[in-house]
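To start, the structure itself, in structure tokens.
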Amino acid sequence: MSDKQTLTIARLINIAALFGLLGVLAGSLNLQFGAGEQPCPLCIVQRSAMIGLAVGPAMNLLWGMRARHYALSILAAVVGGAGSTRQILLHIADPNDPGYGPPVFGWHLYTWAFVTFLVAVVGCAALIMWNRPFELGDNGVLGQKHWQRSLTLFVTIWVVLWVVADLIVIAVSVIPECGLGLCPDDPPPGPNAGSIGGWVLVLGVGVVAAITSFFVEKRLAKESELAAQ
């Protein structure tokens, strides 16, 4: 395998990981905005850990493949796994407890979150053992001297901006529920836009990120052309 192929595969793995995390976040955000299911404190911890988990792949794509970037994701996964484990055990402790929120394919979201964090730890550990991408001196998207428009560049910018946008949505949506104090253990239902409306709102964030990425990629390529003249 050539060095270019190695870096391409490593980048595609990180891009796929980010889209996977965005899918999990999209499901939880749709329950909030589409069904009015406000997140509990432990749910907020797990969402925050999901964003922390995305930091490692995002840094790999922007600044180059580094083992320490994967280490940051592992630390975030440990925090998120602890939060999801505590929530699972709290509901197991009461046999009559139906669980928090509607189940998805038979499991509640905090159980799916635990599986996500476990897979992330194993995946990051495996990628750290793949030493070749670290040896190639990759500087990522931001370290390039010349940009050429490509699908990989567009998707990289798109997925990173989508993660940042979800972070902003999560941070802003907590304010009406929690204010500046502690979040309620059992928050009341919030306003909802319906199932279809919820998906429109959640996926609309991705569409806005894609449009923004198109113009950012175009601007980078244009500046690179001007610099080369």
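Does the stretch 113-126 contain any residue that is surrounded by 14 or more Cβ atoms within 10 Å (Cβ to Cβ), closer than 22 Å to Asp185 by Cα and not aromatic (Phe, Trp, Tyr)? Yes, the conditions are met somewhere in the stretch 113-126.
Filter the stretch 104-120 for residues that are in a helix (DSSP H, G or I) and in contact (Cβ under 8 Å) with a residue 60 or more places away in the chain and give the result.
Kept after step one, since they are in a helix (DSSP H, G or I), are these residues of the stretch 104-120: 109-120.
Scanning the stretch 104-120 gives Leu109, Tyr110, Trp112, Ala113, Thr116, Phe117, Ala120.
Counting the residues of the stretch 82-103 that are of a type in the set (S, T, N, Q) and assigned to a loop (DSSP other than H, G, I, E, B) gives 1.
Looking at the stretch 134-152, which of the residues that are in a loop (DSSP other than H, G, I, E, B), aliphatic (A, V, I, L, M) and within 22 Å of the chain's Cα centre (by Cα) is modelled with the highest pLDDT? Restricting to residues being in a loop (DSSP other than H, G, I, E, B), aliphatic (A, V, I, L, M) and within 22 Å of the chain's Cα centre (by Cα), the top hit is Val141. Counting the residues of the stretch 35-60 that are within 16 Å of Thr85 (Cβ to Cβ) and either among the charged types (D, E, K, R) or free of Cβ contacts under 8 Å to residues at least 40 places away in the same chain (or both) gives 2. Determine, yes or no, whether Gly106 is of a type outside the set (Lys, Arg), over 22 Å from the mean Cα position of the chain (by Cα) and closer than 30 Å to Pro187 by Cβ. So Gly106 passes the test.
Quick test for you: out of Leu62, Leu25, Leu53, pick the one residue that is at pLDDT 90 or above, under 14 Å from Val159 (Cβ atoms) and surrounded by fewer than 21 Cβ atoms within 10 Å (Cβ to Cβ). Outline the logic, then answer.
Details: Leu25 fails: surrounded by fewer than 21 Cβ atoms within 10 Å (Cβ to Cβ); Leu53 fails: surrounded by fewer than 21 Cβ atoms within 10 Å (Cβ to Cβ).
So the residue among Leu62, Leu25, Leu53 that is at pLDDT 90 or above, under 14 Å from Val159 (Cβ atoms) and surrounded by fewer than 21 Cβ atoms within 10 Å (Cβ to Cβ) is Leu62.
Checked against the criterion of being of a type in the set (Gly, Ala, Ser) and buried (at least 19 other Cβ atoms within 10 Å of the Cβ), the candidates Ser73, Ser48 yield just one match: Ser73.
Can you confirm whether the stretch 153-164 contains a residue that is surrounded by fewer than 17 Cβ atoms within 10 Å (Cβ to Cβ), at pLDDT 90 or above and among the aliphatic types (A, V, I, L, M)? Yes: one or more hits. Here the stretch 204-219 is the region considered, the condition is being in contact (Cβ under 8 Å) with a residue 60 or more places away in the chain and surrounded by 15 or more Cβ atoms within 10 Å (Cβ to Cβ), and the residue that is nearest to the chain's Cα centre (by Cα) is Gly206.
So which residues in the stretch 172-193 are assigned to a helix (DSSP H, G or I) and surrounded by 13 or more Cβ atoms within 10 Å (Cβ to Cβ), if there are any at all? Ser173, Val174, Glu177, Cys178 - these are the residues of the stretch 172-193 that are assigned to a helix (DSSP H, G or I) and surrounded by 13 or more Cβ atoms within 10 Å (Cβ to Cβ).
Does Val79 count as assigned to a helix (DSSP H, G or I), within 23 Å of Ala126 (Cα to Cα), more than 12 Å from the chain's Cα centre (by Cα) and not aromatic (Phe, Trp, Tyr)?
Values: assigned to a helix (DSSP H, G or I): yes; within 23 Å of Ala126 (Cα to Cα): yes; more than 12 Å from the chain's Cα centre (by Cα): yes; not aromatic (Phe, Trp, Tyr): yes.
Against the criterion (assigned to a helix (DSSP H, G or I), within 23 Å of Ala126 (Cα to Cα), more than 12 Å from the chain's Cα centre (by Cα) and not aromatic (Phe, Trp, Tyr)), Val79 qualifies.
The values are calculated or read from the model by the stated rules, or taken from the named source; none is laboratory data. Just so it is clear, the model here is predicted, and its values are computed rather than measured. Note that we place each Cβ from the backbone using ideal geometry, even for glycine, and neighbour counts take in every protein chain shown.
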